[in-house]
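Novice: Sending over a structure as structure tokens; questions will come in a sec.
The values are calculated or read from the model by the stated rules, or taken from the named source; none is laboratory data. Not measured: the values here are computed from a predicted model. Glycine also receives a Cβ, built like all others from the backbone with ideal geometry; neighbour counts cover every protein chain displayed. For the accessible areas, the whole protein counts, side chains as well, though only heavy atoms, and no ligand, DNA or RNA atoms are used. Shrake-Rupley method; radii C 1.70, N 1.55, O 1.52, S 1.80 Å.
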Amino acid sequence: MGKQYDVVIVGSGPNGLSAGIVLAAKGLQVLIIEGAETVGGGTRTSELTLPGYYHDVCSAVHPMGYLSPYFKTLPLEEFGLEWIIPKASAAHPLDNQEAVLLSKSISETAHNLGIDAEKYQKIVTPFVDQAEDLLSDSLKPLGIPSNPLLLMQFGLKALQPATFYSKHAFEGERAKALFAGCAAHSVLPFDKFFTTAIGLMFLVTGHVENWAIPKGGSQNIANALAAYFKSLGGELKPSTKITDYKQLPDAKKYMFDTDPIQLAHIAKDQLPPSYQARLNKYQFGPGVFKIDYALDAPIPWKDPRCLDASTVHVGGTFAEVAASEKDAWEGRECQRPFVMLSQQSQFDTSRAPEGKHTGWAYCHVPNGSNKDMTQAIESQIERFAPGFKDTILAKRTMTTQDFYQYNPNYLGGAITGGAADIFQLFTRPVARIDPYSTPNPDIYICSASSPPGGGVHGMCGYHAAQSVLKSLKIR
Ligand SMILES: Cc1cc2nc3c(=O)[nH]c(=O)nc-3n(C[C@H](O)[C@H](O)[C@H](O)COP(=O)(O)OP(=O)(O)OC[C@H]3O[C@@H](n4cnc5c(N)ncnc54)[C@H](O)[C@@H]3O)c2cc1C
């Protein structure tokens, strides 16, 4: 007979690892089983192009990781994690004018925004002043907030579709464009409720601290979490993809850092058909097409201040970004897509050989799209950085299918654990008082398909583990 564990977790993404740490820290015997050869899920770094160029395969920039209420409590620095703070969070280049820069200083950012400078300061300042409460209340399942008044003030704005909010909050194109780039992190069309929440939240995090990147790549977040987990006595078993419940070793509880469809399939004999049917109805939203670049030189932005930002929002005006997101949602590949771009080697010399650089760029495409978006992405970058193509030494592309092959959680290339619209933001994967629990008291979900959703913050894993502890009657 094999070893009996207290908890077995399927999947070693940031949420699986976070759940494992919570439980191992309570003295439980925890095993994390990972399908891939290395730990990390969406936080992995690899030489995807040429030797000596270290690319973030998935996540690159980590405002939520740096500010995560849970990560903050862990000694991750002692386990090798080093955060790098760039000069600015995001740059948003526009045609025939200076780029807009989002940086920690509210007044400097506002100064960029011309006619909307004063309004912008009034909007963000109260939320930045109370950002700790705002983040901890937003990064948890529905429940009693610690600061109800603040959450209500934020919610009144956040609930609105980004198109509506932007029209009423700002007059000029510069503020609208900055807001659009942040709202596009929602991977939703801007006429959906709650798209303003994501836009405002990304602006607020940018004023708490410039969006951080981990030295050496996002793999180092996973490595630090895994090393800490092991130091607490946790066990890791890589290269073991779970497709059937019978593969799982004996344990009191099982947690799935997987998407809901896999959970329904793996635990088909353990979960009631009605619950499986609800899991199988889960909506994933658009996928991504991504390019990693080895570059001979920094990206030749027309406005060189763009080099100060860990993220560049490449897509032009609010209307253009909104059209791109609408296209991806409605099943069309946009010819002038909104491109999320990162240039990590600008701040971290360990990513590329001396004098050389890495580039990381993706756009949203319809779920399951097969289309090669290289030309469309590069035209958009060239629009604001003429000569960019001449700096390319090598590149590697990933379609939505490549992403699904890489990580079975990314169904159709969807990268944030499923659509975060009003129907699924708080009720993922299905509506239940305890969203991490299932009708089977031994089975839990802890992935980004549970609240609070996508991003590298570990909060889904943290809250799911609290639910398991409660069921084991451990305080
Ligand atoms: C291209 C891209 C860019 C992104 N950019 C950012 C960013 O800049 N910042 C940010 O915060 N977030 C970003 N994200 C999102 C972020 O990576 C995810 O939200 C986060 O990784 C989710 O963590 P998780 O633990 O829920 O799942 P995952 O990270 O997906 O990890 C799940 C793990 O479980 C394993 N697994 C799945 N099924 C099985 C199975 N059946 N058997 C065994 N193992 C299994 C997988 O191999 C994987 O290792 C990005 C994602 C992608 C793909």
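Novice: State yes or no: is ILE33 within 12 Å of the ligand (Cβ to nearest atom), at pLDDT 95 or above, surrounded by fewer than 24 Cβ atoms within 10 Å (Cβ to Cβ) and more than 30 Å from ILE392 (Cα to Cα)?
Specialist: Working: within 12 Å of the ligand (Cβ to nearest atom): yes; at pLDDT 95 or above: yes; surrounded by fewer than 24 Cβ atoms within 10 Å (Cβ to Cβ): yes; more than 30 Å from ILE392 (Cα to Cα): yes.
Answer is yes for this residue.
Novice: Scanning for something under 13 Å from ALA465 (Cβ atoms), part of a strand (DSSP E or B) and assigned by TED's automatic domain parsing to the domain that holds TYR228, does region 34-47 turn up at least one residue? Talk me through it step by step, then tell me what you get.
Specialist: Start the filter on region 34-47 by keeping residues that are under 13 Å from ALA465 (Cβ atoms), which leaves none.
No: region 34-47 contains no residue that is under 13 Å from ALA465 (Cβ atoms), part of a strand (DSSP E or B) and assigned by TED's automatic domain parsing to the domain that holds TYR228.
Novice: A further question follows. Looking for whichever is open to solvent by 40 Å² or more (accessible area, probe 1.4 Å) and small (Gly, Ala, Ser) here; the options are SER369, SER350, SER342. Which one fits?
Specialist: Numbers: SER369 fails: open to solvent by 40 Å² or more (accessible area, probe 1.4 Å); SER342 fails: open to solvent by 40 Å² or more (accessible area, probe 1.4 Å).
On inspection, the qualifying residue turns out to be SER350.
Novice: So how many residues does region 390-444 have that are touching a strand residue (DSSP E or B) at 6+ places or on another chain (Cβ under 8 Å), polar (S, T, N, Q) and open to solvent by less than 30 Å² (accessible area, probe 1.4 Å)?
Specialist: Residues meeting the conditions: 5.
Novice: Going residue by residue through region 386-397, is there one that turns out to be under 17 Å from THR49 (Cβ atoms) and within 10 Å of the ligand (Cβ to nearest atom)?
Specialist: The initial filter retains those residues of region 386-397 that are under 17 Å from THR49 (Cβ atoms), namely 388-397.
Those left that are additionally within 10 Å of the ligand (Cβ to nearest atom): none.
Scanning region 386-397 turns up no residue that is under 17 Å from THR49 (Cβ atoms) and within 10 Å of the ligand (Cβ to nearest atom).
Novice: Please enumerate the residues belonging to region 246-268 that are open to solvent by 40 Å² or more (accessible area, probe 1.4 Å) and either more than 10 Å from the ligand (Cβ to nearest atom) or in contact (Cβ under 8 Å) with a residue 24 or more places away in the chain (or both). Explain how you work it out, then say what you get.
Specialist: Step one: filter region 246-268 for residues open to solvent by 40 Å² or more (accessible area, probe 1.4 Å), giving 246-247, 250, 252, 261, 265, 268.
LYS246, ASP250, LYS252, ILE261, LYS268, listed by residue number.
Novice: Only one of GLY316, GLY233 is at positive phi and not assigned by TED's automatic domain parsing to the domain that holds LYS176. Can you tell me which?
Specialist: Numbers: GLY316 fails: not assigned by TED's automatic domain parsing to the domain that holds LYS176.
Just one listed residue meets the conditions, GLY233.
Novice: Right, another one. Checking MET64 against (1) touching an Asp or Glu at 6+ places or on another chain (Cβ under 9 Å); (2) assigned to a helix (DSSP H, G or I): exactly one of these is not met. Which one?
Specialist: Only one criterion is unmet by MET64, namely (1).
Novice: Would you mind stating whether ARG396 is basic (Lys, Arg) and within 30 Å of GLU378 (Cβ to Cβ)?
Specialist: On the way: basic (Lys, Arg): yes; within 30 Å of GLU378 (Cβ to Cβ): yes.
Judged against the criteria, ARG396 is a match.
Novice: Determine which member of the set ALA19, ALA24 is more than 13 Å from the ligand (Cβ to nearest atom), modelled with pLDDT of 95 or more and outside any loop (DSSP other than H, G, I, E, B). Before the answer, list the steps.
Specialist: Details: ALA19 fails: more than 13 Å from the ligand (Cβ to nearest atom).
Answer to the check: ALA24.
Novice: Further, regarding this structure: Do the conditions hold for THR397, that is, is it in a strand (DSSP E or B) and on the phi < 0 side of the Ramachandran plot?
Specialist: Working: in a strand (DSSP E or B): yes; on the phi < 0 side of the Ramachandran plot: yes.
Yes: the conditions hold for THR397.
Novice: Where residues in region 398-429 are aliphatic (A, V, I, L, M) and modelled with pLDDT of 95 or more, which of them is farthest from the ligand (Cβ to nearest atom)? Explain how you work it out, then say what you get.
Specialist: The first filter runs over region 398-429 and keeps only residues aliphatic (A, V, I, L, M), leaving 398, 411, 414-415, 419-420, 422, 425.
Restricting the remaining residues to those that are modelled with pLDDT of 95 or more gives 398, 411, 414.
On the way: MET398: 8, LEU411: 11, ALA414: 9 Å.
Within region 398-429, the match that is farthest from the ligand (Cβ to nearest atom) is LEU411.
Novice: To continue, here is another question. It is to be established whether one or more residues within region 455-462 are more than 29 Å from GLY155 (Cα to Cα) and either outside any loop (DSSP other than H, G, I, E, B) or open to solvent by 10 Å² or more (accessible area, probe 1.4 Å) (or both). Outline the logic, then answer.
Specialist: Our first condition is that a residue be more than 29 Å from GLY155 (Cα to Cα); within region 455-462, this holds for none.
There is no residue in region 455-462 that is more than 29 Å from GLY155 (Cα to Cα) and either outside any loop (DSSP other than H, G, I, E, B) or open to solvent by 10 Å² or more (accessible area, probe 1.4 Å) (or both).
Novice: Would you mention how many residues in region 276-291 are in contact (Cβ under 8 Å) with a residue 60 or more places away in the chain, surrounded by fewer than 21 Cβ atoms within 10 Å (Cβ to Cβ) and not in a loop (DSSP other than H, G, I, E, B)? Explain how you work it out, then say what you get.
Specialist: Here is the first cut: in region 276-291, the ones in contact (Cβ under 8 Å) with a residue 60 or more places away in the chain are 278-279, 282-291.
When the remaining residues are screened for being surrounded by fewer than 21 Cβ atoms within 10 Å (Cβ to Cβ), the result is 278, 282-283.
Next, from what is left, pick out any that are not in a loop (DSSP other than H, G, I, E, B): 278.
Number of matching residues: 1.
Novice: Still on this structure: Taking the options GLU320, GLU325, GLU378, name whichever one is in a helix (DSSP H, G or I) and crowded, with 24+ Cβ neighbours inside 10 Å.
Specialist: On the way: GLU320 fails: crowded, with 24+ Cβ neighbours inside 10 Å; GLU378 fails: crowded, with 24+ Cβ neighbours inside 10 Å.
The match here is GLU325.
Novice: A further question follows. May I ask you to verify whether GLY52 is within 16 Å of the ligand (Cβ to nearest atom), part of a loop (DSSP other than H, G, I, E, B) and more than 19 Å from VAL208 (Cα to Cα)?
Specialist: Answer is no for this residue.
Novice: With the condition kept exactly as written, say whether any residue in region 375-384 is more than 10 Å from the ligand (Cβ to nearest atom), within 30 Å of GLY155 (Cβ to Cβ) and modelled with pLDDT of 95 or more.
Specialist: Of region 375-384, the ones more than 10 Å from the ligand (Cβ to nearest atom) are 375-384.
Checking which are within 30 Å of GLY155 (Cβ to Cβ) leaves us with none.
Among the residues of region 375-384, not one is more than 10 Å from the ligand (Cβ to nearest atom), within 30 Å of GLY155 (Cβ to Cβ) and modelled with pLDDT of 95 or more, which makes the answer no.
Novice: Please determine whether any residue of region 373-389 is touching a strand residue (DSSP E or B) at 6+ places or on another chain (Cβ under 6 Å), closer than 29 Å to GLY27 by Cα and not small (Gly, Ala, Ser).
Specialist: No, the conditions are met nowhere in region 373-389.
Novice: Answer with yes or no whether ARG475 is out of contact with any Ser or Thr (no Cβ under 9 Å at 6 or more places or on another chain), more than 14 Å from the ligand (Cβ to nearest atom), at pLDDT 95 or above and open to solvent by 20 Å² or more (accessible area, probe 1.4 Å). Spell out how you get there, then give the answer.
Specialist: Details: out of contact with any Ser or Thr (no Cβ under 9 Å at 6 or more places or on another chain): yes; more than 14 Å from the ligand (Cβ to nearest atom): yes; at pLDDT 95 or above: no; open to solvent by 20 Å² or more (accessible area, probe 1.4 Å): yes.
Against the criterion (out of contact with any Ser or Thr (no Cβ under 9 Å at 6 or more places or on another chain), more than 14 Å from the ligand (Cβ to nearest atom), at pLDDT 95 or above and open to solvent by 20 Å² or more (accessible area, probe 1.4 Å)), ARG475 does not qualify.
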